[in-house]
1. Do the conditions hold for ILE188, that is, is it open to solvent by less than 70 Å² (accessible area, probe 1.4 Å), at pLDDT below 95 and closer than 28 Å to ARG244 by Cα?
2. Out of everything in the range 227-243 that is at pLDDT 95 or above and crowded, with 19+ Cβ neighbours inside 10 Å, what residue ends up being nearest to GLU55 (Cα to Cα)?
3. Which pairs have Cβ atoms under 6 Å, sit 6 or more apart or on different chains, and link a residue in the range 193-222 that is touching a residue at least 24 places away in the same chain (Cβ under 8 Å) to one that is hydroxyl-bearing (Ser, Thr, Tyr) and crowded, with 18+ Cβ neighbours inside 10 Å?
4. In the range 106-118, which residue that is open to solvent by 30 Å² or more (accessible area, probe 1.4 Å) and either touching a residue at least 12 places away in the same chain (Cβ under 8 Å) or hydrophobic (A, V, I, L, M, F, W, C) (or both) is farthest from ALA212 (Cα to Cα)?
5. Please pick out the residue among VAL156, VAL249 that is closer than 25 Å to ALA37 by Cα and either in contact (Cβ under 8 Å) with a residue 40 or more places away in the chain or surrounded by fewer than 16 Cβ atoms within 10 Å (Cβ to Cβ) (or both).
6. Please enumerate the residues belonging to the range 41-56 that are farther than 15 Å from SER247 by Cα and either in contact with a Ser or Thr (Cβ under 9 Å, 6 or more places away or on another chain) or without any contact (Cβ under 8 Å) to a residue 60 or more places away in the chain (or both).
7. Can you give me the number of residues within the range 97-154 that are under 20 Å from the mean Cα position of the chain (by Cα), within 23 Å of ALA226 (Cβ to Cβ) and not charged (D, E, K, R)?
8. Return the only residue of VAL7, VAL81 being under 28 Å from TRP154 (Cβ atoms), among the aliphatic types (A, V, I, L, M) and surrounded by 13 or more Cβ atoms within 10 Å (Cβ to Cβ).
Amino acid sequence: MTDAELVARLRANMVAYKRFQAELGPMRALVLPGVWAFAQPQLPDQPHPQQVLYEDVGALEAALPEIEGFYREHRVPLWRVQVPIGDTAAAHLLRHAGMHPRETDATPAMGLSLTEGTLPAPRVPLERLRNQEELIPLNAKAFEAHSRIVSHPWHVRSFPQLHILGLREGNRLLSAGMAHDLGETAGIYLVATANEARGRGLASEVMRGLLADAQARGCTAAVLQATELGYGVYRRLGFRDLGRWISWVFPPR
């Protein structure tokens, strides 16, 4: 499976996951030909969840005025377009539009083919979680220095495309993560370990469980965007680095 195929699967999975969120929660979505914009008006001071994804630079150029109006309508002053590294045409377009790259907000895209042999099972027992009720607070606490994650009523419901695994000691959830299925692609999201439990390899065990589980369901690839903390974990599990996605930020400097 080529890097380009994995990148396309990652984009498609992210769009589907965010549209799913927009159907159920307070996230808002603007869907245009080849372009998708997502806003969380309840977090107007945070640019990270105010995100634009696109298929090609022509579609992005045509959509920019409507995207600007979308965020203005929802009173979101700061938003970003995620540009895969090497897309010089999109970078030129956004620079000309007055936007600027935020290098500190560069996110590695990563992918793994699941068709090359049977993946090893986790070495510790994992629990299948029915919903995101515990997963969201775990992430909120683990990444509180980076962003605020808000729990909503739909997080206590189960959905067939979401597959959540966790590792518990006693009654406490120490590490967990989720796969979101779109066709034969498992998108990995919300992998986190409690701060006091880091350094024990728990996230690696959760990831092994998520990947083996996805392979057993018939998924042929797993894709994700890595945090700084998780990048090394994913590399050791065999994920390929597909290049950084740079956040180009509005408004102008």
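1. Details: open to solvent by less than 70 Å² (accessible area, probe 1.4 Å): yes; at pLDDT below 95: no; closer than 28 Å to ARG244 by Cα: yes.
So ILE188 fails the test.
2. Among those residues, the one meeting the criterion is LEU242.
3. As it stands, the answer is THR193/SER175; LEU202/SER175; LEU202/THR193; ALA203/SER175; ALA203/THR193; VAL206/SER175; ALA221/THR185, since those pairs meet every condition given.
4. Per the stated criteria, the residue is THR115.
5. Values: VAL156 fails: closer than 25 Å to ALA37 by Cα.
After ruling out the rest, the residue left standing is VAL249.
6. Hits for the range 41-56 are PRO41, LEU43, PRO44, ASP45, GLU55, ASP56.
7. Number of matching residues: 26.
8. VAL81
The values are calculated or read from the model by the stated rules, or taken from the named source; none is laboratory data. Because the structure is predicted, anything quoted here is derived from the model rather than measured. All Cβ positions, even for glycine, are placed from backbone atoms using ideal geometry, and neighbour counts span all protein chains on display. Note: accessible area is taken over every heavy atom of the protein model, side chains too, but ligands, DNA and RNA are not part of it. Shrake-Rupley method; radii C 1.70, N 1.55, O 1.52, S 1.80 Å.
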